[in-house]
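Asks: Below: one structure in structure tokens.
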Amino acid sequence: MTVESTAARKPRRSGAAGKRTGAAKKQQSPQASEPQLVQLLTPEGERVEHPEYDIELSAQELRGLYRDMVLTRRFDAEATALQRQGELGLWASLLGQEAAQIGSGRALRDDDYVFPTYREHGVAWCRGVDPTNLLGMFRGVNHGGWDPNTNNFQLYTIVIGSQTLHATGYAMGVAKDGADSAVIAYFGDGASSQGDVAEAFTFSAVYNAPVVFFCQNNQWAISEPTEKQTRVPLYRRAEGFGFPGVRVDGNDVLACLAVTRWALERARRGEGPTLIEAFTYRMGAHTTSDDPSRYRHDDERLAWEAKDPIQRLRAHLEAAGHADEAFFTALEEESDTLAKRVREAVRAMPDPDDMAIFENVYADGHALVDEERAQFAAYQASFAEEGN
């Protein structure tokens, strides 16, 4: 539903109150105009230009973006299947959001730092995190599965919106260190209603932090539509905090790449934060414990399937002669190999070390943690003694 249709609902009260409401609606009408959407690739795969955000990519780079999206989607599908087979406790699918994640992820430099939520599998792929490492937490055998500082990619964050504050604090530190790197924080439309996000916006603006807030507006915060999160397009919230906001076609990998690259360069130049709203759609369930058929209609999903990010880039590649059938066949074989490796790796994951919970709590150790470790070790040993 558009902002206009939300604002057009009739007021419940009548009389003078109704007149005041009508006057307020007239005052709000400029804000209810259709938001500008940055797009470089139409749903039909036609390349278009944009006066502010444009990008030139070689055929090889375009094929690389397509490969990233295809392999990410295949990994995601395999993870969903593994959860259905009882191999994972839960999984949050990114189906339909590949362009937003691959486009923004490929805009990053190696020295930039990423703060994800729990659905950024495509960004993790761009940062060089092995896909199998994403699955340990969802299988319940580790607390994350990778060293964040190896790839400048923080561990997945389950607490909604908290990572925006972490990203802001880190970006403030980057600025104080005099580095020219940037920070990016990912969150969803539902998380935009969290107080943590508002606080992150405030601090980042006041301290001119080199951070990009990348909101993937996939239309549904679990079962709540975006219209119940905001009265204006999400990207316009940035205006109230004093920094720019941009809405980009989240199913257009080229537009996501161009806009994110611009925002990151802006941050590196010391011009402060930017909010990017990637307007996309969650094609599947919120997580594997969700049933989207209970709160949204199939015709909505079908309409968005026509805007599929992978299909539109394939159409462009074929029309421009940038890829042949051999390329697509080889990529399909590569995706099959990836899926097989993921299946085997998950089923071979060892049970966690009982004492691992005490590791990495403090950088230099702590007397209380040492005491608790000893107590837990003695407790575990008591079971072995009873067995004898």
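Asks: In the range 1-108, which helices (runs of 4 or more DSSP H) lie fully inside it and hold 3 or more residues that are out of contact with any Gly (no Cβ under 8 Å at 6 or more places or on another chain) and modelled with pLDDT of 55 or more?
Replies: Correct list: 59-84.
Asks: Here is a further query. If you check VAL346, VAL342, VAL361, which single one turns out to be surrounded by 12 or more Cβ atoms within 10 Å (Cβ to Cβ) and modelled with pLDDT under 95?
Replies: VAL361
Asks: If you go through the range 293-307 one residue at a time, do you hit one that is in a loop (DSSP other than H, G, I, E, B), of a type in the set (Ser, Thr, Tyr) and not assigned by TED's automatic domain parsing to the domain that holds VAL70?
Replies: no
Asks: Give the range 53-78 a look and list any residue that's in contact (Cβ under 8 Å) with a residue 60 or more places away in the chain and more than 25 Å from ALA330 (Cα to Cα), or say none.
Replies: Those that are in contact (Cβ under 8 Å) with a residue 60 or more places away in the chain and more than 25 Å from ALA330 (Cα to Cα): TYR53, ASP54, ILE55.
Asks: Go over the candidates ARG231, ARG282, ARG268 one by one and state the one that is within 22 Å of SER193 (Cα to Cα) and either over 19 Å from the mean Cα position of the chain (by Cα) or not assigned by TED's automatic domain parsing to the domain that holds HIS316 (or both).
Replies: Just a single option satisfies the conditions, and that option is ARG231.
Asks: Could you please find all residues in the range 255-283 being among the small types (Gly, Ala, Ser) and surrounded by fewer than 20 Cβ atoms within 10 Å (Cβ to Cβ)?
Replies: Hit for the range 255-283 is GLY270, nothing else.
Asks: Next up: Being over 23 Å from ALA92 (Cα atoms), in contact with a Gly (Cβ under 6 Å, 6 or more places away or on another chain) and not aromatic (Phe, Trp, Tyr) narrows it down to one of ALA238, ALA209, ALA221, so name that one.
Replies: Residue meeting the stated conditions: ALA238.
Asks: In addition: For the range 60-80, which positions are closer than 11 Å to SER93 by Cα and of a type in the set (Gly, Ala, Ser)?
Replies: Listed by number, the residues that qualify are ALA77, ALA79.
Asks: Filter the range 132-167 down to residues that are part of a helix (DSSP H, G or I) and β-branched (Val, Ile, Thr) and give me whichever is surrounded by the most Cβ atoms within 10 Å (Cβ to Cβ).
Replies: Applying the filter and picking the extreme gives THR164.
The values are calculated or read from the model by the stated rules, or taken from the named source; none is laboratory data. Computed from a predicted model, the values in this text were never measured in an experiment. Here Cβ is always computed from backbone atoms with ideal geometry, including for glycine, and neighbour counts include all displayed protein chains.
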